[in-house]
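Taking it in order: structure first as structure tokens, then the write-up.
The values are calculated or read from the model by the stated rules, or taken from the named source; none is laboratory data. Keep in mind that this is a model prediction, so the values were computed, not measured. Here the Cβ is made from the backbone with ideal geometry for all residues, glycine too, and neighbour counts use every protein chain on show. All accessible areas refer to the heavy atoms of the entire protein, side chains included, with ligands and DNA or RNA removed. Shrake-Rupley method; radii C 1.70, N 1.55, O 1.52, S 1.80 Å.
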Amino acid sequence: MENKKENRFLVFDLLRGVAVLLMILSHSVYFFSDYSNGFLRGAEWFGNTVCFVTFVLVSGAVSYIAYLSRDNFSESKKRIIRRLLAFLGGYYFLAFFVKFSDISALSGYNEVKAIFNILLLRDLPSYTEYIPPFLVFSLLLIIFNKPLKNILKKPFLIIASALILYMIGYFGYLLPVGEFLLPWKAFLVGAEGFYRFPIIQYSPIFLIGLYWGKVILEEKDREFSKDLPLNLGGIFLLIFLSLFVAGRWSEGFNPDIFLRWPPSIGFLSFGLLFSFLLAYFFGIVKYLKKQLLLRDFLIVLGQNAFSIFWAHLLILNFYRMAGGSKVDSLFLFFLLFILVIVISLSLSTFIPFNFRFGLTLQRKCREDEAECMESEPIYRLGEEFYQSGKRDYSKLVHFFFPRSDGSSRKKRLIKKRHLIFILLIAMIFSY
């Protein structure tokens, strides 16, 4: 593992770590469980309800700290582009892996069509739909960096913008479009029969996350900064309870409060309630300083979320392709669940799913340090992806295509490496 000297806002790492754990749990229930156990069905529902909202909220907070807070946005723009390209490359790799068997069963026009549907984000393979929204949010940071900074200056503008965005998504969902446009409509505002995280409806969550990042980084009143998660959690608790009571007792008003596709206000409010109250809890317990094993475990998950996301989906899909059976035993399920976590961490350690060799673990906490408001914030995920990816790519090119020094021994080595490369490509396409 790589240890660095810089400090981080551990609250975001811990929140993201919990979200990663719940995500793996929910996906494991789908792949391993026969749904005969009520506890596992409830665990899957809870994870599906809160984890993506938490991811979007934390992404907004760290995006402000890493990019919008910088005076020199041109440099931030370069870093965002690198991050965007890294995530796009990772998404395409995972998407084609998940759909490989389906695509290989096609031929001619249908095969080309299937490939282009993935490239154009019309077809988002199962469980890869997590990634594209973050590509769009990164792009929005570049396009609307100045308007976003102006909106974040006044809470009233944040509330108004959030409501407007959600209403645009709501009415956009009701708007009929042609069949060809349905996949893109689902991607933006949702569509019947599509399981997508619609960009417009989740944009208010990202905006709230930006505001949280701004407050925790810039707010001089430390108590206000620490109490903000509790205050915001209380607000979303009131919203959620109001919708619940209204739906319970008012005739003619019975909304699906936990509607996920597309997300209802109740669904989003519950996810935000969970995230903010959990963040406040972490603050009360001093970011798990007395539970070092649990803290470091969640930090590793949170700081390496993308690599573990890759790894666990690869493992689960290998299990499915190998004909793995569903289980009804709670013990067997949790054994498989723990194995997925252990193997995912192991894969992320020596295979560059996160475009690096080794996991990241930074333990130092900025929340309790007075100088954290003046010191340089760190969040180099995309930049590290880009730089480490370039190094790993160079190593692979150098291995398969070494330069010749003119000696016969070197020429034989080059031929062998070329032969290995050709055999690998042949094996992939003959799968």
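Do the conditions hold for Phe180, that is, is it modelled with pLDDT under 95, farther than 13 Å from Pro263 by Cβ, part of a helix (DSSP H, G or I) and among the aromatic types (Phe, Trp, Tyr)? Considered against the rule, which asks whether it is modelled with pLDDT under 95, farther than 13 Å from Pro263 by Cβ, part of a helix (DSSP H, G or I) and among the aromatic types (Phe, Trp, Tyr), Phe180 comes out as yes. Annotation: Val189 fulfils all but one of (1) under 27 Å from Arg70 (Cβ atoms); (2) at pLDDT 90 or above; the unmet one is (1).
Candidates in the stretch 29-59 are the residues that are more than 18 Å from Leu135 (Cα to Cα) and among the aliphatic types (A, V, I, L, M); of these, the one that is surrounded by the fewest Cβ atoms within 10 Å (Cβ to Cβ) is Ala43. Number of residues in the stretch 60-85 that are of a type in the set (Gly, Ala, Ser) and open to solvent by 10 Å² or more (accessible area, probe 1.4 Å) equals 2.
Within the option set Phe100, Phe73, being touching a helix residue (DSSP H, G or I) at 6+ places or on another chain (Cβ under 8 Å) and in contact (Cβ under 8 Å) with a residue 60 or more places away in the chain holds for one residue only, Phe73. Checked against (1) in a loop (DSSP other than H, G, I, E, B); (2) in contact (Cβ under 8 Å) with a residue 60 or more places away in the chain, Gly213 passes all but condition (1). Whether a residue is part of a helix (DSSP H, G or I), modelled with pLDDT of 95 or more and of a type in the set (A, V, I, L, M, F, W, C) was assessed, and Val58 passes this test. Screening Val340, Val300, Val327, Val285 for residues that are in contact (Cβ under 8 Å) with a residue 60 or more places away in the chain, over 28 Å from Asn37 (Cα atoms) and β-branched (Val, Ile, Thr) leaves exactly one candidate, Val300. Of the residues examined, Phe282 is not one that is buried (at least 18 other Cβ atoms within 10 Å of the Cβ), in contact with a Lys or Arg (Cβ under 7 Å, 6 or more places away or on another chain) and either aliphatic (A, V, I, L, M) or at pLDDT 90 or above (or both). Exactly one residue out of Phe180, Phe144, Phe156, Phe194 is open to solvent by 40 Å² or more (accessible area, probe 1.4 Å) and farther than 25 Å from Leu88 by Cβ: that is Phe156.
The single residue among Ile208, Ile235, Ile239, Ile168 that is of a type in the set (Val, Ile, Thr) and either touching a strand residue (DSSP E or B) at 6+ places or on another chain (Cβ under 8 Å) or surrounded by 20 or more Cβ atoms within 10 Å (Cβ to Cβ) (or both) turns out to be Ile208. Of the residues making up the stretch 141-163, those that are within 17 Å of Arg70 (Cβ to Cβ), of a type outside the set (Lys, Arg) and touching a residue at least 40 places away in the same chain (Cβ under 8 Å) are Leu141, Ile142, Asn145, Leu148, Leu152.
The number of residues in the stretch 86-110 that are under 24 Å from Leu181 (Cβ atoms) and loosely packed, with under 13 Cβ neighbours inside 10 Å comes to 3.
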